[in-house]
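Please treat every number below as a calculation from the coordinates, not as lab data. None of these values were measured; they are calculated from a predicted model. All Cβ positions, even for glycine, are placed from backbone atoms using ideal geometry, and neighbour counts span all protein chains on display.
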Amino acid sequence: MAEPTKRVTFYVVGFFVAIIVLFWAYVTIALTWSYSSGERAGFLQKMSAKGWVCKTWEGELSLIAIPGAAPEKFLFSVRDPAVASLVEASMGKRVTLHYEQHKGLPTTCFGETEYFVVGLKEVTP
């Protein structure tokens, strides 16, 4: 009588392990494969560590607008602490941010936006 119970337990555990492995594979692919990449130029306005459980670096870049036009903001996330310190050191300066867009991330534990800054270059006037 114990044999069918062991078999059912094995299948249930196997099912949950398969779900966890598939979720892990999906997140790994979503974080390593970028949908697009590019650069945005403007003035760094804000950088902060946010989150209750998952602390992420979130920032705001004021894009250089045409005079008289409403200013546009580019919201971004930073995953690398070294890049986050570079961004913080460049606050208030005109910079060019190199970013990668990662679509389909399942939670905000990786960042509140889908734009992840991977590099920074200060623009000298």
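Here are the numbers for the structure shown:
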{"item": "Selected residue [small (Gly, Ala, Ser), in contact with a helix residue (DSSP H, G or I) (Cβ under 9 Å, 6 or more places away or on another chain) and loosely packed, with under 13 Cβ neighbours inside 10 Å] from 68, 59, 104", "result": "104"}
{"item": "Complete set of residues in region 70-125 that are under 18 Å from residue 55 (Cβ atoms), small (Gly, Ala, Ser) and in contact (Cβ under 8 Å) with a residue 24 or more places away in the chain", "result": "77, 84, 111"}
{"item": "Conditions (1) among the aromatic types (Phe, Trp, Tyr); (2) surrounded by fewer than 10 Cβ atoms within 10 Å (Cβ to Cβ); (3) within 30 Å of residue 125 (Cβ to Cβ); number of the one not met by residue 99", "result": "(2)"}
{"item": "Search result, residues across region 91-122 that are within 9 Å of the chain's Cα centre (by Cα) and part of a loop (DSSP other than H, G, I, E, B)", "result": "102, 105, 108, 109, 110, 111, 112, 113, 114"}
{"item": "Residue match in region 32-44 (condition: among the hydrophobic types (A, V, I, L, M, F, W, C), surrounded by 12 or more Cβ atoms within 10 Å (Cβ to Cβ) and not in a strand (DSSP E or B))", "result": "no"}
{"item": "Lone qualifier among 33, 52 - being under 17 Å from residue 110 (Cβ atoms) and without any contact (Cβ under 8 Å) to a residue 40 or more places away in the chain", "result": "52"}
{"item": "One residue from 4, 67 being part of a loop (DSSP other than H, G, I, E, B), free of Cβ contacts under 8 Å to residues at least 60 places away in the same chain and over 18 Å from the mean Cα position of the chain (by Cα)", "result": "67"}
{"item": "Hits in region 49-63 (condition: small (Gly, Ala, Ser), outside any loop (DSSP other than H, G, I, E, B) and under 12 Å from residue 112 (Cα atoms))", "result": "49, 59"}
